[in-house]
Amino acid sequence: MNFVDDSVELREVQKLEGHTDRVWGLAWNPATGSAGIPAVLASCSGDKTVRIWQQNPSNGPFQCTAVLEETHTRTVRSCAWSPSGKLLATASFDATTAIWEHSGGDFECVSTLEGHENEVKSVSWNASGSLLATCGRDKSVWIWEVLPGNEFECVSVLQGHAQDVKMVQWHPTVDVLFSCSYDNTVKVWAEDGDSDDWHCVQTLGESNNGHSSTVWALSFNATGDKMVTSSDDLTIKIWGADIIRMQSGGIFAPLPAIMIEQFFQYIGQVFTSEYDREGVIASGAADDAVRLFVESEESKIDGPTYNLLTRKEKAHDMDINSVQWNSA
Amino acid sequence: MVSELINANLVSMRRKSVEIELNPAMWTTFSHHIRDIKDPEHPYSLEELKVITEDAIEVDDQRSHMVTFTPKVEHCSMATVIGLYLRVKLMRSLPSRYKVDIRVAPGTHATEVAVNKQLDDKVRVTAALENPNLVDM
């Protein structure tokens, strides 16, 4: 299954310095990086700030153009841009999620979402930008509706995970929410057509070939028919989803996610993994390495298989906390 | 089935450090950092109480280290806190390139698996270490 193609390698083009503590999360602004608009990246840190970096000029080096500070009082764990690129949500150990808007070069905190009992671990916008999800150590997942005038209203507090929820991620095409947790499972949440209630429609645990330890992250490919999950159990797993079934009928049909493949090369917890637009999976782990995987071109009777395309040892001096493809 | 066997072996490889005979210099480095940590419930240091013993330090040659400690009472509810105190002390003493795993010594605690999982979760540990009471230690 595994081979390394020597002709493909990862080359560091720039190291962005400025944060004074661990960098936990990254997010590319989706409205930037093409059509002459310089790419913009947000990074969030244990130093309680978020930094905005912009390529200047369009194909030149990145420079720090803003520091979002004096708002969060603890580590900022995760950040996410709205699909329009106009808003940035930041999730913090201080139990709040801040919403930032930029006008000109400045960022202003326009809303603070409160409700979680303790550390908020992740935040995610749905594909249309009409909904926001957050999750945290209090084991809950919150869904917020985005209203005019930068108002946010909580529409659901979802209980179900038995432990700390590490990440939430909306499906790229359907308004279905996925969460992964210290309880070793991935849960799928959808709205009941009749009652507008959100509830858990599927749990991917050990009995469905799921992970045997904390699931740190999940990510979808562009079309949303594949999902990758990364875990403390030293594996990443690829899952297949039937989109047609997901969307059919008035009654939501559970997502039949079937584990396709899993990888064992890791010697440290796998904290992050992400699909790029062409289906290449990048992963980062506690062994300080970044790996790229790609689906094999040879077709197999049992289903697709994946190959290790390249491995960058010592990509950083310490654990890799987040990998994010620029999809422009 | 084969895949499950491979996974199990990899997990045990990660957990077990290569055992090297501790030379005096190595022991000095670690014990110096550990021996003055106070057990929160007692005035004596953790080493004096035999919570940490010389045998409990395993060192491997890849700059990642395992520290195991033995809680003196099987149900000691302070096990996680002791683990966190160790983390604070070692973080402050060792260069950041050292990865340190802190574990309850096998067979010494009723909820060993749960305690070790918590001590192994670096995000949970980071959040807990932001507690000002721990920082004062």
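The values are calculated or read from the model by the stated rules, or taken from the named source; none is laboratory data. As the structure is a computational prediction, the values presented were derived from the model and not from experiment. Because the Cβ atoms are built from the backbone with ideal geometry, glycine has one as well, and the counts that use them run over all protein chains shown. Surface accessibility is based on the protein's heavy atoms, side chains included, excluding ligands, DNA and RNA. Shrake-Rupley method; radii C 1.70, N 1.55, O 1.52, S 1.80 Å.
When each of A:T134, A:T112, A:T90, A:T96 is tested for being at pLDDT 95 or above and more than 20 Å from the chain's Cα centre (by Cα), the lone residue that passes is A:T112. Can you find even one residue in the stretch A:168-179 that is among the hydroxyl-bearing types (S, T, Y) and in a strand (DSSP E or B)? Within the stretch A:168-179, one or more residues are among the hydroxyl-bearing types (S, T, Y) and in a strand (DSSP E or B). Report, by residue number, each residue of the stretch A:23-48 that is under 17 Å from A:V120 (Cα atoms) and open to solvent by 20 Å² or more (accessible area, probe 1.4 Å). Within the stretch A:23-48, A:V23, A:L26, A:D47, A:K48 qualify. For the stretch A:67-81, a residue qualifies if it is assigned to a strand (DSSP E or B) and surrounded by fewer than 22 Cβ atoms within 10 Å (Cβ to Cβ), and exactly one does: A:V67. Mind checking whether some residue in the stretch A:69-84 is out of contact with any Leu (no Cβ under 9 Å at 6 or more places or on another chain) and of a type in the set (A, V, I, L, M)? No; the residues of the stretch A:69-84 include none that is out of contact with any Leu (no Cβ under 9 Å at 6 or more places or on another chain) and of a type in the set (A, V, I, L, M). If you check A:G85 against the conditions, is it part of a loop (DSSP other than H, G, I, E, B) and under 25 Å from A:P148 (Cα atoms)? It is true that A:G85 is part of a loop (DSSP other than H, G, I, E, B) and under 25 Å from A:P148 (Cα atoms). Across the stretch A:133-173, the number of residues qualifying as surrounded by 17 or more Cβ atoms within 10 Å (Cβ to Cβ) and among the β-branched types (V, I, T) comes to 6. Among the residues of the stretch A:185-201, those that are open to solvent by 30 Å² or more (accessible area, probe 1.4 Å) and out of contact with any Phe, Trp or Tyr (no Cβ under 9 Å at 6 or more places or on another chain) comprise A:D194, A:S195, A:D196, A:D197. Considering only residues in the stretch B:97-115 that are under 14 Å from B:L86 (Cβ atoms) and away from chain A (no Cβ under 11 Å), the one that is modelled with the highest pLDDT turns out to be B:V115. Within the stretch A:105-126, the set of residues being more than 14 Å from chain B (Cβ to nearest Cβ), among the acidic types (D, E) and within 13 Å of A:W142 (Cβ to Cβ) comprises just one member, A:E114. Yes or no: B:V59 buried (at least 18 other Cβ atoms within 10 Å of the Cβ), modelled with pLDDT of 75 or more and more than 11 Å from chain A (Cβ to nearest Cβ)? No; evaluated as a whole, the condition is false for this residue.
A count restricted to the stretch A:165-186 and to residues that are of a type outside the set (S, T, Y) and within 14 Å of chain B (Cβ to nearest Cβ) stands at 6. Residues in the stretch A:112-132 that are within 18 Å of A:A42 (Cβ to Cβ) and surrounded by 20 or more Cβ atoms within 10 Å (Cβ to Cβ): A:L113, A:V120, A:K121, A:S122, A:V123, A:S124, A:W125, A:L132. The set of residues from the stretch A:1-25 being at pLDDT 95 or above and within 18 Å of A:E274 (Cβ to Cβ) comprises A:V23, A:W24, A:G25.
Among the residues of the stretch A:23-42, the ones that are part of a loop (DSSP other than H, G, I, E, B) and under 13 Å from A:S78 (Cβ atoms) come to 0 in all.
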